[in-house]
Amino acid sequence: MKRQQMRGLVMALMLTTALPTVTAHAQVATSSASKPWMNTKLSADQRADLIVARMTPDEKLTLVFGYFGSNQQKPKFTPHAEARMGSAGYIPGIPRLGVPPQWETDAGVGVATQRESSDPYLERTSLPSGIATAATWNPDLAFKGGAMIGSEARASGFNVQLAGGANLARDPRNGRNFEYGGEDPLLAGVMVGAQIRGIQSNNIISTIKHWALNGQETNRMTVSSNIGDAAARQSDLLAFEFAIEKASPGAVMCAYNRINSIYACESDYLLNEVLKKDWGYTGYVMSDWGGTHSTAKAANAGLDQESAYTFDKQPFFGAPLKAALADGSVSQARLDDMARRITRSMFAHGLFDHPVVKGPIDFAAHAKVTQADAEEAIVLLKNDGGLLPIAKSARKIVVIGSHSDVGVLSGGGSSQVFPVGGMAVKGLGPKGFPGPIVYHPSSPLKALQARNPAARFAYDDGSDPAAAAKAAAGADLVIVFAHQWAAESQDYSLTLADDQDALIDAVAAANSKTAVVLETGGPVLMPWLPKVGAVVEAWYAGTNGGEAIARVLTGEVNPSGRLPITFPRSADQLPRPVIDGDHSKPELMVDANYDIEGAAVGYKWFDKKGHQPLFAFGHGLSYSTFGYSDLKTSAAGDTLTVSFKVTNTGKTAGKDVPQVYVGPKGAPLDGRSGWEAPRRLGGFKKVELAPGASTTVAVTVDPRLLATFDSKAKAWTIAAGAYEVSLGASSRDLRAKAEVTLAAKTLPVTYDGK
Ligand code: GLC
């Protein structure tokens, strides 16, 4: 029986059962009599069917039409009084039926505020950047971080959080990589999925975004990401598929860009075919802010809600949608489906049963949550001669650059969280969007000083390399903080800004005991790498970032971050050495040919082409060492299980992230096998071990990671034959291999990992 028929039957049954029958002695409470959808014993589907059946056409239209929540567009647009001032979005409720308003806040690292001076800046807790959380390879931390920022969203009166950035880092220069989960679909899907689950544990809706293939910021509103179906499903779409299965986000936000020349928010392929039909997604699709381009085309392609209509060329889901319903170009059934999907998500995620009420926030407790995330995100890239952790004997330590005396950098754009206590540095960066450049007031220098009372610290702001070099000479240790601000709406160069390479060169020439701490949104080039003793990637470390960095540099915390993104040696190694488009012409219709690499994103491209990265996907050092042994594989049906032992072979307790990579044995890279690259990340586990301790780990590999997608058959097909299972400390540090034979297997496109 088709899903729709079943629903009709259930509906009929329900109306006879759910509508209360008043008996002589039992008078069901009036609320359920007048609002049977408030019966929590019913499913979200049943409750949505009931409430939509009671809605007038205009009430349904209310649900699908969104407004901005900030004074930013005055006098053209003044936000509703009921909106949360300074917020991203607001959709009115339906008081007659008890439908709460939808109050929408950005985004992935905490409660953001649109930057308009007449709006009240909300000072809230910021997680480290999304790519930093991905670098922890620790889904529990991602969940806890999501739960924390979701609780701040709820306490601030929001019931929809526009988080869940899951776009793969196809280009390391993408200005929004800092918001996402890196270059691998499994890692991004697991980590972003965990964060979404955390957010939604507060009885609010999280989005997942930007659906899909939103791979660059240059010409972001017009660029067409051109890619075949199979390559898309084996890469970008797979990250969303994993995250949606793990977290059931209440909403998907369709992206600005085009896919194969069709805007994402009116792409029947993306919204109806893949998301709603193939995957059976039951939530709703909201547009990005300015991502709606039509009425009937978008509605019939699967768009369910126009966000903040004043960002669009005109309102498309307001009066024009009413007219489209009248002329039949959009059916009543489609409008009902839109309203049902929205209310279903609202029921499923507690917006009806647990209405948001503003409340207090325990910032001290939340600072600990973000700090724990930031500490595990830090990646020790290089550490020659054990320069780090800071020696107890160090008496003269020089700290240089990047405002490290007062704070840590954060990424710019709609996800910007304004710091509790105010910005550490004022007046930096663009006055308008995506500025300002915000430093969180958590000073690495002060945190280091507090932990090394016996040492004498000197600080140099790094503005003059010669002066910095002079200050560095003769020190027991020099720590140079280097920054690269990344922001929404612009891509960035791999070369450190403000000529910091010259600064690091000068300092390293004056003192070889130099450690570089990078505060970046993603990879950067390091021409000075051979001249420095240690390099640490601290990403954008969030509210307590200074503390987190200091605890790792002093050894209080043993670094355990692993790269979620390949650091290239040069842009020439990339599928598109020059990013397509022209930043100075935002309206330019641009094509980006993603079929060059197809599904071979990141390390897969490097493996396929035989390129040597500067630092490999999955790389990260520790103050200890870890050994792997007893690699075993077992294949039963479509499940491949890989087990192995991990031992802490060093003298310091610490965490490690053994990684399992899988691929056809001797995979021909001419595409015959359909595999995009020699191997894929098939599984991973973060383990914590005392010195000398061991543990046995078992991971199961999702069969889709052993398969290729057959677009004609609409199925995942595992070819019979020999496969190679590699166990490594990174995609390039493979320590052990095993072979396993798999039987041929075909899984339907509806396969959901269960
Ligand atoms: C922005 C972003 C999106 C954000 C939305 C609301 O332009 O693309 O991520 O959630 O608009 O601010």
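The values are calculated or read from the model by the stated rules, or taken from the named source; none is laboratory data. Given the structure is predicted, the values throughout are model-derived calculations rather than measurements. No Cβ is skipped: glycine too gets one built from the backbone with ideal geometry, and neighbour counts run over all protein chains shown. Note: areas computed on protein heavy atoms with side chains; ligands, DNA, RNA excluded. Shrake-Rupley method; radii C 1.70, N 1.55, O 1.52, S 1.80 Å.
Candidates 199, 208: the one that is within 16 Å of the ligand (Cβ to nearest atom) and assigned to a helix (DSSP H, G or I) is 199. For region 305-329, a residue qualifies if it is within 16 Å of the ligand (Cβ to nearest atom) and open to solvent by less than 20 Å² (accessible area, probe 1.4 Å), and the qualifying residues are 305, 306, 307, 308, 310, 312.
Contact map, region 404-428: first residue aromatic (Phe, Trp, Tyr), second residue away from the ligand (no atom under 16 Å from the Cβ), Cβ cut-off under 6 Å, separation 6 or more or different chains; pairs are 418/123. Does region 247-261 hold any residues that are open to solvent by 20 Å² or more (accessible area, probe 1.4 Å) and within 24 Å of residue 677 (Cβ to Cβ), and which are they? The answer is 260, and nothing else.
Can you confirm whether residue 361 is in contact with a Leu (Cβ under 7 Å, 6 or more places away or on another chain), of a type outside the set (D, E, K, R) and at pLDDT 95 or above? It is false that residue 361 is in contact with a Leu (Cβ under 7 Å, 6 or more places away or on another chain), of a type outside the set (D, E, K, R) and at pLDDT 95 or above. Only residues that are more than 15 Å from residue 91 (Cβ to Cβ) and within 16 Å of the ligand (Cβ to nearest atom) were counted across region 290-304, and they come to 3.
Of all residues in region 427-458, those satisfying the criterion of being among the basic types (Lys, Arg) and at pLDDT 95 or above are 446, 451, 456. Considering only region 159-215, how many residues are open to solvent by less than 10 Å² (accessible area, probe 1.4 Å) and of a type in the set (S, T, N, Q)? Residues in region 159-215 being open to solvent by less than 10 Å² (accessible area, probe 1.4 Å) and of a type in the set (S, T, N, Q): 8 in total.
For residue 570, the test of being among the small types (Gly, Ala, Ser), within 30 Å of residue 372 (Cβ to Cβ) and not assigned by TED's automatic domain parsing to the domain that holds residue 374 is failed.
Within region 80-98, being open to solvent by 10 Å² or more (accessible area, probe 1.4 Å) and either basic (Lys, Arg) or in a helix (DSSP H, G or I) (or both) holds for 84, 95, 96.
If you go through region 99-138 and keep only what is of a type in the set (Asp, Glu) and either crowded, with 24+ Cβ neighbours inside 10 Å or touching a Phe, Trp or Tyr at 6+ places or on another chain (Cβ under 8 Å) (or both), you end up with 104, 106, 123.
In region 361-372, the residues that are in a loop (DSSP other than H, G, I, E, B) reach residues that are at pLDDT 95 or above with C-beta atoms within less than 7 angstrom, at least six apart or across chains, in these pairs: 361/152; 361/155.
Based on this model, can you work out whether residue 708 counts as of a type in the set (Ser, Thr, Tyr) and touching a Gly at 6+ places or on another chain (Cβ under 6 Å)? Yes: the conditions hold for residue 708. Residue 59 falls short on exactly one of the conditions (1) away from the ligand (no atom under 16 Å from the Cβ); (2) out of contact with any strand residue (DSSP E or B) (no Cβ under 6 Å at 6 or more places or on another chain), and that condition is (2).
Kindly evaluate residue 219 against the criterion of being within 16 Å of the ligand (Cβ to nearest atom) and assigned to a loop (DSSP other than H, G, I, E, B). Yes. Within region 534-569, the set of residues being small (Gly, Ala, Ser), assigned to a loop (DSSP other than H, G, I, E, B) and closer than 28 Å to residue 513 by Cβ comprises 538, 541, 555, 560, 561. With respect to the stated conditions, residue 525 is in a loop (DSSP other than H, G, I, E, B) and open to solvent by 30 Å² or more (accessible area, probe 1.4 Å). Applying the set (1) out of contact with any Asp or Glu (no Cβ under 8 Å at 6 or more places or on another chain); (2) open to solvent by 40 Å² or more (accessible area, probe 1.4 Å); (3) not β-branched (Val, Ile, Thr) to residue 465 leaves exactly one unmet item: (1).
Would you call residue 277 surrounded by fewer than 19 Cβ atoms within 10 Å (Cβ to Cβ), at pLDDT 95 or above, more than 16 Å from the ligand (Cβ to nearest atom) and among the basic types (Lys, Arg)? Taking the combined requirement at face value, the residue satisfies it.
Considering region 391-410, and only residues there that are touching a helix residue (DSSP H, G or I) at 6+ places or on another chain (Cβ under 6 Å) and open to solvent by less than 10 Å² (accessible area, probe 1.4 Å), the residue that is farthest from the ligand (Cβ to nearest atom) turns out to be 398. For region 301-336, the set of residues classified as basic (Lys, Arg) and closer than 28 Å to residue 76 by Cβ consists of 313, 322, listed by residue number.
In this structure, does residue 67 turn out to be open to solvent by less than 20 Å² (accessible area, probe 1.4 Å), within 15 Å of the ligand (Cβ to nearest atom) and over 16 Å from the mean Cα position of the chain (by Cα)? No, not satisfied. Taking first residues from region 102-128 that are among the hydroxyl-bearing types (Ser, Thr, Tyr) and partners that are away from the ligand (no atom under 13 Å from the Cβ) and in a strand (DSSP E or B), the Cβ contacts under 7 Å between residues at least 6 apart in sequence or on separate chains come to 113/418; 121/418; 126/419; 126/440.
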